[in-house]
Amino acid sequence: MVARPTKPAINVDDFGNATVAPKTSESTVNQMTIAYTQKGTNASKTLTATKASNGRWSLNETPAGVSINPTTGQVSFTDAAVATNTTITSTTRTSDGYSSDVSTARKVAGDTVPPVITANNATATSGEHVDIPLTVVDEGVGLADTDGVCLLYTSPSPRDVAESRMPSSA
């Protein structure tokens, strides 16, 4: 009797990122297929990870937000790569043609709690330089994940009455 390979492990974290990995101890596993729904387009997508004779894993393509660990074969998806509330499925296959059972996981919504930025007390005098310390509390998305945080300020100067403008260094 031939043993089928172990099905891949699919993990989805609280931030909507996902990983799919073959069992690394099964040396005859040389292919992993992953099906998912792309975020934004809602198009169905299938990727194939293949282990070469030198033991290195690669993907048939690497869409935005998808990467592979060439040593372990683990495929990583950012929250932006996979549509929310859709299913990720995967199977592995051995070099002698045996396939695993299907692994399935539901992709949850990524963290949508934006950081809170508050200005601490500061006094500004017209025509004077002012530093305003900011406090950032990040219990969610994170500043690194917000695709370009930009602070907008409104100047109380008479020359800027009712206008908002960006700092000249922006």
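Which whole-number value in Å³ per residue fits the convex hull of the alpha carbons of the stretch 57-116? Intermediate results must be reported in sequence, preceding the final value.
Working: hull volume 6.6 nm³, N = 60.
In the stretch 57-116, the Cα convex hull volume per residue is 110 Å³.
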Summing Lys, Arg as +1 and Asp, Glu as -1, what charge do residues with Cβ under 13 Å from the Cβ of Glu26 carry, Glu26 excluded?
-> +4
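Give me the net charge for the shell around Asn85: Cβ to Cβ below 14 angstrom, other residues only, Lys and Arg +1, Asp and Glu -1. Before the final figure, lay out each step's value.
On the way: positive: Lys39, Arg106, Lys107; negative: Asp79.
Around Asn85, the surrounding residues sum to +2.
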If each part is reduced to its alpha-carbon centroid, the stretch 84-108 and the stretch 1-50 end up apart, in Å, by 5 Å
Among rounded, prolate and oblate, which fits the stretch 25-87 when a ≥ b ≥ c are the square roots of the eigenvalues of its C-alpha gyration tensor, a/c under 1.5 means rounded, and a/b larger than b/c means prolate?
-> prolate
Treating every alpha carbon of the stretch 7-141 as one equal point scatterer without solvent, the Debye formula yields log10 I(q)/I(0) values at q = 0.11, 0.19, 0.22 Å⁻¹ of -0.50, -1.02, -1.25
Rounded accessible area per residue of the stretch 1-101, 1.4 Å, Å² | 53 Å²
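The values are calculated or read from the model by the stated rules, or taken from the named source; none is laboratory data. All values reported here derive from a predicted model rather than from experimental measurement. Quick reminder, even Gly has a Cβ in these numbers, built from the backbone with ideal geometry, and neighbours come from all protein chains shown. Keep in mind that these areas ignore ligands, DNA and RNA; they rest on the heavy atoms of the full protein, side chains included. Shrake-Rupley method; radii C 1.70, N 1.55, O 1.52, S 1.80 Å.
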